[in-house]
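Accompanying notes for the structure given below.
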Amino acid sequence: MISAIADNIISPLGMTTAANLEAVRSGKTALRNHDNVHGVKLQEPVVGSFFEELPCMDGYTSFETLLIKSVAAALSETHINAESDTCVFIISTTKGNIWSSPADSAKKVANYFGNKVSPIVVSTACTSGVSAQLAAWRMLTSGRYETAIVVGCDVQSEFIVSGFQSFKALSNELCRPFDVQRKGLNAGEAVATLILSNTRNGKWHLMGGSIHNDANHISGPSRTAEGSLRCLKDMLKLVDKTDLAMISVHGTGTLYNDEMESIAIHRAEMDEIPVSALKGYYGHTMGAAGLLETILTMHALDEGVILPSKGYETQGTTYRVNLSQDERESRGNSFIKLLSGFGGVNAAVAWTKAEVKEKNLTPDEYNKWKEKAAVTLTSSDNIKELYKAEIGNYPKFYKMDMLARLGFVGTELLLKRAGVEPEHEGTAIVMANYSASMKNDKDYEATIEDKNNYFPSPALFVYTLPNIVTGEVAIRHQVYGETAFYVLHSEDEMQQLIDVTGMKPSIKTIIAGWVECVSTDDYYAKLSLLKR
Amino acid sequence: MDNKELKEQLKQQVIEVLNLEDITPADIDDAAPLFGEGLGLDSIDALELLMLLDKNYGIKFSDRNQSKAVFASIDAMAAYIIANRKK
C-alpha cells in the first residue's frame, strides 16, 4: 500500500498542518486587500493571500527556501532516509522562480537534503499538485522507489497576478466558490509537503489517480465537463461510493470553473456526496493547492469533520452541489481530490483509510512500448514553413507560442509519418523539457515591464504554462486521455515517466515529446509515437 | 481620420493582435460578426480585443458584458471608438 507518512503546510494561516487546520476550523481567512505583492506595487490592487515576509536562505530563492522549510518540517515527523537512492523528490509548481528552470530549483532542494536522485517537476498548471501525487503513486507502484517526497509551492508575483488580471479572472472581493455572487478567484501562496511510502504504513492510503483532458480550449473549461467527469468516473472504479466521505473540489470561485465542476459531479451521479471548497481561506495557491487541500482534508476527516466552504451561501451553479458554509460531520473512509487547469487538464486522486488491495503490476504489464514513428526538429527547421508545407488549415497555429508550435508541428509530422489518427480516449500526451516556458515568459514580461505602457497580454500569459502545448495537441485530435508535462534536467530522465504512464490500462498510445524552446532561434524537439 | 480609414486601421490592428496570419483586411466584412464562425475567434481573443481598445484608443470597460455588443462587428467597434475614444 502507498501511504502518507508525514506532511506539512506552511501558509499565511500557520506554519504547521495543525495550525492551518485550526485556523480553517475557526473560520479564519488569509485573504486580504493588497496594493503590492512582496513590495512590488500593483497597477490594480487585489485580494490575495501572501506571506507577510518571504523567507530566503543564503544561496536559495524564496521559492526554494519555502520548499526546503516545508520538506524539513515534514521529515521531522518521520524517520525516513531522504538521502537514500530509493527516495525521489517530486515538485509541483506552475511558475517556480519564473526566471530559472524549476528543474534547477528541484535539484537544489533535493541536494539540500543529501538526495542525489534526479527530481521530477510536475508542471500541469493548476492541477500540478494532484498530478504530482499521481506521479508519486506510479513511481512507488513501479517499485523503483520506496519513498516520494511530494512538495508543492508557488510564490506570488506581479507576473502571475497581472496575468490573471488580464484574464479578468480575479475577484476584487473575497472569493465565493460555487456561490451565486462569485466573481472570480483570489491569488494565494503556500507550500505543502506530503511524504508517501510503499514500505511504511500510515493512516491514509493513496488508491491511485487519473488525468483527463477536456480537448476543448486552452483556458476555458469544458462546458460539459468532459475531463473532470472522466476523472470522477475513474475514481469511482477505485472507491466504493458508499464509503466516500466527500469530494474536495477545485472551487476557484470563477464562474466557469465552478459551473464545470457542478456539471462533472452531476454527470458522474455524485450529487449527494458532500463537497468542500477551501479557496475562501487561502485563495488559489497554484502549485501548492492540490497538496494543501489534500492534506487539510485528510486531517479534517481524521477529526470526523468536513471543512466548511467559506464564502458559499446560495447555489450559483446549474446543478446543486452538496457543500455548506458550516462544518459537517463526516461519514466514510475515503475522499477524492479534484482539480482542473489551463491547458484543458483535469486531475483527481482517491485516498482511503480502508485497506487497499495491492496492485502487483509487473513492469511487463506497463512499460512494453514500441516506437511506431519518431520526429526530430532542430533550430535549422523553420517551424512556420513546415506548418505551411506539411499541415496548414489550422489558423490557431499562428496564435500559439513557440513551444506550442514546436510540439504541435512535431506531433502532426509524427502522426503523418505513422499514418494514424490517435484514439480519443486511449492516448496520452506526455511532454517535458528543461527550460519550461522561459521563452514565452520573457515575451509576457515585456508586456508589463513598462509601467507607462502596461498592457498585460492574456494571449501570452496563457502560454506561461508549459503544459499548454499538450492541451493544443489534445484539442487538435480530441484526445481526452492523459496530458502531462514535466520539467527535467535531461531527456533521458523522461523515460521512467513515459513507462509508468502505461499503468493506466486504458492508454494504448503515447505521444511522447521532449520539446525545448530557449529562444526564437534555439529550439529542439524529439517526439515518438508509442504503442503498447 | 474618417470612419472608413478607422475601420481599415482597426482591421489591421485586429489581424495583428490576434495573429490572424492567413487573413487580410479585405477578408473581413465590416458588418459580419467577429465572433462565432467567421474568424474563429475565442474568449482569449475577446480579452485581447479589450486590451486593443484600451491600448490604442484609451477605452476601458468596467462591465465585460457591455463589450459584447461592441465586438459585434467592425462597424460596431468603429462606431463605439468614434463615440468613446480618449486617444
Exercise for review: May I ask you to verify whether A:VAL479 is more than 14 Å from every other protein chain (Cβ to nearest Cβ), outside any helix (DSSP H, G or I) and within 17 Å of A:LYS396 (Cβ to Cβ)?
Suggested key: yes
Check your understanding: Among A:ALA348, A:ALA374, A:ALA354, which is the only one that is in a strand (DSSP E or B) and either assigned by TED's automatic domain parsing to the domain that holds A:PRO177 or under 30 Å from A:ASP271 (Cβ atoms) (or both)?
Key -> A:ALA348
Point to revise | Selected residue [closer than 22 Å to A:LYS357 by Cβ, in contact with a helix residue (DSSP H, G or I) (Cβ under 8 Å, 6 or more places away or on another chain) and not acidic (Asp, Glu)] from A:LEU170, A:LEU206 | key: A:LEU206
Check your understanding: Any idea which of (1) in contact (Cβ under 8 Å) with a residue 24 or more places away in the chain; (2) loosely packed, with under 14 Cβ neighbours inside 10 Å; (3) under 30 Å from A:LYS451 (Cβ atoms); (4) not aliphatic (A, V, I, L, M) is the one B:ASP45 doesn't satisfy?
Key -> (2)
Review point. Looking at region A:219-332, what helices (runs of 4 or more DSSP H) fall wholly within it and have at least 3 residues that are of a type in the set (Val, Ile, Thr)?
Key: A:289-302
Review point. Is it the case that some residue within region A:178-185 is part of a strand (DSSP E or B), in contact (Cβ under 8 Å) with a residue 60 or more places away in the chain, more than 30 Å from A:ASN367 (Cα to Cα) and charged (D, E, K, R)?
Key: yes
Practice item. With the checklist (1) at positive phi; (2) within 14 Å of chain B (Cβ to nearest Cβ) in hand, flag the one item A:ALA436 doesn't pass. Key: (2)
Exercise for review: Go through region B:34-66 residue by residue and tally those that are more than 8 Å from chain A (Cβ to nearest Cβ), over 22 Å from A:TYR256 (Cβ atoms) and touching a Lys or Arg at 6+ places or on another chain (Cβ under 9 Å).
Suggested key: 6
Exercise for review: Return yes or no: is B:LEU10 over 28 Å from A:ILE391 (Cα atoms) and either surrounded by 19 or more Cβ atoms within 10 Å (Cβ to Cβ) or within 12 Å of another protein chain (Cβ to nearest Cβ) (or both)?
Suggested key: yes
Exercise for review: Name the residue, out of A:ALA446, A:ALA459, A:ALA484, A:ALA474, that is under 17 Å from A:PHE408 (Cβ atoms) and within 14 Å of chain B (Cβ to nearest Cβ).
Suggested key: A:ALA459
Review point. Looking at A:ILE507, A:ILE498, which is the one that is at negative phi, assigned to a loop (DSSP other than H, G, I, E, B) and of a type in the set (A, V, I, L, M)?
Key: A:ILE507
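Each row is one residue, and each column tells you yes or no for (1) without any contact (Cβ under 8 Å) to a residue 24 or more places away in the chain; (2) surrounded by 24 or more Cβ atoms within 10 Å (Cβ to Cβ); (3) part of a strand (DSSP E or B); (4) not hydrophobic (A, V, I, L, M, F, W, C).
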position	(1), (2), (3), (4)
A:GLY96	no, yes, no, yes
A:TRP99	no, no, no, no
A:VAL109	no, yes, no, no
A:SER118	no, no, no, yes
A:THR127	no, yes, no, yes
A:LEU134	no, yes, no, no
A:ALA148	no, yes, yes, no
A:GLY152	no, yes, yes, yes
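The values are calculated or read from the model by the stated rules, or taken from the named source; none is laboratory data. All values derive from a computational prediction rather than experimental measurement. Every residue, glycine among them, receives a Cβ derived from its backbone with ideal geometry; neighbour counts consider all protein chains shown.
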